[in-house]
Amino acid sequence: MPPISAPQRPSTSTARRGRSWHRTAGKPVRWWLVALVIVIAAHRWIPDTRWLMVHMVTLGLITTSIMVWSQHFTEALLHHKLPDSGRPRQIVRIYGVTVGTALLIVGMLAGWWWLTVAAATVIGVMLTWHGLALLAQSRTALPARFGLTVRWYATAAFFLPVGAVFGTILARDLSATWHSRLLLAHQAVNVLGFVGLTVCATLLTLWPTILRTRMRDDAVRLSRIALPLMAAGSLLAAVFAVLGTASLTAAALLLYAAGAATVGWLMLRTGMQRRPEGYMGWSVASGIAWLVMTTVLAAWLVLTRGVETSVAQSLTIPFVAGFLVQTLFGAMSYILPSTMGGGPATVRASLAAMNRAGVYRVTVANLCITLFALPAGVLPSWVRALVSIVGPWSSRPSSRS
């Protein structure tokens with residue numbers, strides 16, 4: 001398995017330029033993280049905080065991170081470094097998404113639909129450009145064993161503009177029925193399609209690297225099965241949700257869950273060779289487990305309650321906190337120390353610091369997500385009431401997702 005931390009052994013000046021590019025490209029992630037902390041601290045005085053926090057995570061943190069690191073992994077897996085002349089265009093795309101997200105937030109909070117449309121268009125164009133750039137780089141590189149991953153990066157990038165269309169329509173005043181249908185389609189394309197496909201394609205090589213073990217011989221073959229199932233399930237779930245067909249929407253979600261479970265099975269078998277030892281491994285594994293379980297739960301809720309109910313809204317937090325945030329933090333806990341330089345001793349010390357009290361941290365995080373994020377009726381009411389006494393989570397969320 002090729003190393004994913006760097007495409008080749010660079011010279012000192014080249015490594016310095018590479019770290020400089022990563023620092024420049026990664027600045028929006030730090031900005032959004034600081035902004036998210038501020039919003040969480042002041043959430044009682046900010047309107048629509050639930051919608052705001054969800055989109056700060058999904059567009060600000062997750063999407064920006066995907067654009068930075070999918071480019072990094074593309075260069076590593078194809079052994080084809082992006083020339084310095086291509087870096088400014090990459091920066092434009094990343095910062096374009098940041099500007100688009102900021103405008104989207106302003107448009108939604110101010111009720112300016114024209115600005116919401118413009119912002120969603122900017123975000124969709126930047127992601128389409130990103131996907132096309134990855135495909136172009138893949139075509140100019142020599143054939144590589146893991147070119148499959150890069151192609152799925154590009155495919156996943158094309159999902160987000162579709163989800164942006166659904167999100168733009170959601171910004172209008174809609175009936176409860178259409179709001180529920182489009183919200184489910186929006187999440188199916190963006191969370192399951194864009195993020196889910198990108199994450200699972202990355203784990204083909206990242207997961208064995210985190211565990212410091214060899215990739216299983218059947219990893220590529222299983223990925224060729226799992227990723228198409230996930231892509232088809234995501235798109236079909238969106239289509240059938242818009243059409244209001246509950247049984248077919250549930251079937252499409254189960255199809256997606258089967259693909260994600262295949263990735264989880266591959267991760268489990270790889271983990272049997274060497275189990276996770278700290279925070280990063282257990283956090284990533286927990287994120288994938290939440291992806292599979294929440295998708296299955298979504299299918300069950302759609303089948304029993306219908307597409308027109310608030311299924312998507314009730315599962316926003318499990319998807320965002322359980323899957324997205326845990327996977328992001330776990331992966332970044334490994335990637336950032338491995339790419340920041342400083343020599344092997346510095347990298348080992350940084351990884352050890354990231355892993356400190358890892359099992360405890362992951363356990364507490366997952367207990368909190370379980371208690372607070374599952375929809376009403378799944379947990380006994382006395383459990384939710386008991387937990388609400390000791391936490392700030394009893395405040396009523398916004399009606400938006």
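The values are calculated or read from the model by the stated rules, or taken from the named source; none is laboratory data. Treat the numbers as computed from the prediction; the structure is a model and nothing was measured. Every residue, glycine among them, receives a Cβ derived from its backbone with ideal geometry; neighbour counts consider all protein chains shown. SASA here: full protein model, heavy atoms, side chains in, ligands and nucleic acids out. Shrake-Rupley method; radii C 1.70, N 1.55, O 1.52, S 1.80 Å.
Results, tabulated for the structure shown:
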{"read-out": "Residue within the range 211-221 that is open to solvent by less than 10 Å² (accessible area, probe 1.4 Å), under 27 Å from Trp282 (Cα atoms), assigned to a helix (DSSP H, G or I) and at pLDDT 95 or above present", "value": "no"}
{"read-out": "Leading residue by the ranking (surrounded by the most Cβ atoms within 10 Å (Cβ to Cβ)) among those in the range 303-335 that are closer than 17 Å to Cys368 by Cβ and among the aromatic types (Phe, Trp, Tyr)", "value": "Phe323"}
{"read-out": "Top-ranked residue in the range 256-295 [being closer than 18 Å to Leu315 by Cα and free of Cβ contacts under 8 Å to residues at least 40 places away in the same chain; ranked as most open to solvent (accessible area, probe 1.4 Å)]", "value": "Met293"}
{"read-out": "Single residue of Val57, Val68 found to be hydrophobic (A, V, I, L, M, F, W, C), assigned to a helix (DSSP H, G or I), over 24 Å from Thr316 (Cα atoms) and in contact with a helix residue (DSSP H, G or I) (Cβ under 6 Å, 6 or more places away or on another chain)", "value": "Val68"}
{"read-out": "Val117 being open to solvent by 50 Å² or more (accessible area, probe 1.4 Å) and assigned to a helix (DSSP H, G or I)", "value": "no"}
{"read-out": "Selection count, the range 222-242, where residues are over 19 Å from the mean Cα position of the chain (by Cα), open to solvent by 50 Å² or more (accessible area, probe 1.4 Å) and touching a residue at least 40 places away in the same chain (Cβ under 8 Å)", "value": "2"}
{"read-out": "Given (1) surrounded by 22 or more Cβ atoms within 10 Å (Cβ to Cβ); (2) outside any helix (DSSP H, G or I), number of the condition His80 does not satisfy", "value": "(1)"}
{"read-out": "The range 336-350, residues that are part of a helix (DSSP H, G or I) and either touching a residue at least 24 places away in the same chain (Cβ under 8 Å) or surrounded by fewer than 19 Cβ atoms within 10 Å (Cβ to Cβ) (or both)", "value": "Leu336, Ser338, Thr339, Pro344, Ala345, Thr346, Val347, Arg348, Ala349, Ser350"}
{"read-out": "The range 13-43, residues that are modelled with pLDDT of 80 or more, over 22 Å from the mean Cα position of the chain (by Cα) and assigned to a helix (DSSP H, G or I)", "value": "Ala41"}
{"read-out": "All positions within the range 221-248 that are out of contact with any Phe, Trp or Tyr (no Cβ under 9 Å at 6 or more places or on another chain) and among the hydroxyl-bearing types (Ser, Thr, Tyr)", "value": "Thr245"}
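Results for (1) more than 30 Å from Ser223 (Cα to Cα); (2) within 23 Å of the chain's Cα centre (by Cα), shown as yes or no for each residue.
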position	(1), (2)
Gln90	no, yes
Ile94	no, yes
Val99	yes, yes
Gly107	yes, no
Trp114	yes, no
His130	no, yes
Ala144	no, no
Trp152	no, yes
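Every residue, every condition in (1) under 26 Å from Leu184 (Cβ atoms); (2) polar (S, T, N, Q); (3) modelled with pLDDT of 80 or more, yes or no:
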position: Leu324; (1), (2), (3): yes, no, yes
position: Met332; (1), (2), (3): no, no, yes
position: Ala357; (1), (2), (3): no, no, yes
position: Val364; (1), (2), (3): no, no, yes
position: Phe372; (1), (2), (3): yes, no, no
position: Ser388; (1), (2), (3): no, yes, no
